[in-house]
Amino acid sequence: MGLKRKLKYLINSIIFKFRFIGQDIHIHPSCYISSKAEIKNSGKGKIIIGKNCEIHPYAMILSYGGEISIGDHCSLNPFSIIYGHGGVQIGNSVRIASHSVIIPANHIIGDSEKNLHESGLTSKGISIQNNVWIGSGCRILDGVSIGFNSVIAAGAVVNKSVDSSSIVGGIPARIIKNIKINKQ
């Protein structure tokens, strides 16, 4: 890593330590967090970001009272959003492309006596295991678990859990291919 990049990481780390005083937000000092990214903890939520992660400009991490945990060596690219409601667990080496949204909550529909926003939410949570690539513009919905070594194709809407070593795509997402793992 060049001197210029090391200095940028150091300055970023110092700025963010002061920015999050009093909030339950823990960001490893080796992370790059753009000053244009938005990270907010509300309610009794918690945000944890592991080592060597990159949170790019205009990405948003908003707890909404839930816990968001991001492992080591992950990236959240521009204009991507992670909400926390029911909890989000992201493993190591996960790449989340631009304009993707991870939403661990859903509106309760069906009570005609109440307005939709008054009917409440379900919040089962989302789990994304290690070594997952989420393509541009994906939507990962509440209750989904994505297995390790999987790829979510650009634009997919994932409303059901994905097995490990799978490529899924479409609306709703379906299996396109299983990935063979070379054992040496």
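Give Ser100, Ser123 a once-over and let me know the one that is touching a Cys at 6+ places or on another chain (Cβ under 7 Å), touching a residue at least 40 places away in the same chain (Cβ under 8 Å) and not β-branched (Val, Ile, Thr). Outline the logic, then answer.
On the way: Ser123 fails: touching a Cys at 6+ places or on another chain (Cβ under 7 Å).
Matching residue, one of Ser100, Ser123: Ser100.
Before we move on, is Ile146 more than 23 Å from Ile70 (Cβ to Cβ) and at pLDDT 95 or above?
On the way: more than 23 Å from Ile70 (Cβ to Cβ): no; at pLDDT 95 or above: yes.
For Ile146, the condition - more than 23 Å from Ile70 (Cβ to Cβ) and at pLDDT 95 or above - is not met.
Based on what the data block shows, is Phe148 part of a loop (DSSP other than H, G, I, E, B), crowded, with 16+ Cβ neighbours inside 10 Å and touching a residue at least 40 places away in the same chain (Cβ under 8 Å)?
yes
Given Gly143, Gly137, Gly110, which one is in a loop (DSSP other than H, G, I, E, B), within 29 Å of Pro57 (Cβ to Cβ) and either of a type outside the set (Val, Ile, Thr) or out of contact with any Ser or Thr (no Cβ under 7 Å at 6 or more places or on another chain) (or both)?
Only one candidate qualifies: Gly137.
Hey, any hits in region 105-117 for a residue that's more than 20 Å from Val168 (Cα to Cα), hydrophobic (A, V, I, L, M, F, W, C), touching a strand residue (DSSP E or B) at 6+ places or on another chain (Cβ under 7 Å) and in contact (Cβ under 8 Å) with a residue 12 or more places away in the chain?
Yes, some residue in region 105-117 is more than 20 Å from Val168 (Cα to Cα), hydrophobic (A, V, I, L, M, F, W, C), touching a strand residue (DSSP E or B) at 6+ places or on another chain (Cβ under 7 Å) and in contact (Cβ under 8 Å) with a residue 12 or more places away in the chain.
If you check Ala97, Ala105, which single one turns out to be touching a His at 6+ places or on another chain (Cβ under 7 Å), of a type in the set (A, V, I, L, M) and either more than 18 Å from Leu76 (Cβ to Cβ) or surrounded by 13 or more Cβ atoms within 10 Å (Cβ to Cβ) (or both)?
Ala105 is the lone residue from the list that is touching a His at 6+ places or on another chain (Cβ under 7 Å), of a type in the set (A, V, I, L, M) and either more than 18 Å from Leu76 (Cβ to Cβ) or surrounded by 13 or more Cβ atoms within 10 Å (Cβ to Cβ) (or both).
The values are calculated or read from the model by the stated rules, or taken from the named source; none is laboratory data. As the structure is a prediction and not an experimental result, all values here were calculated from the model. Every residue, glycine among them, receives a Cβ derived from its backbone with ideal geometry; neighbour counts consider all protein chains shown.
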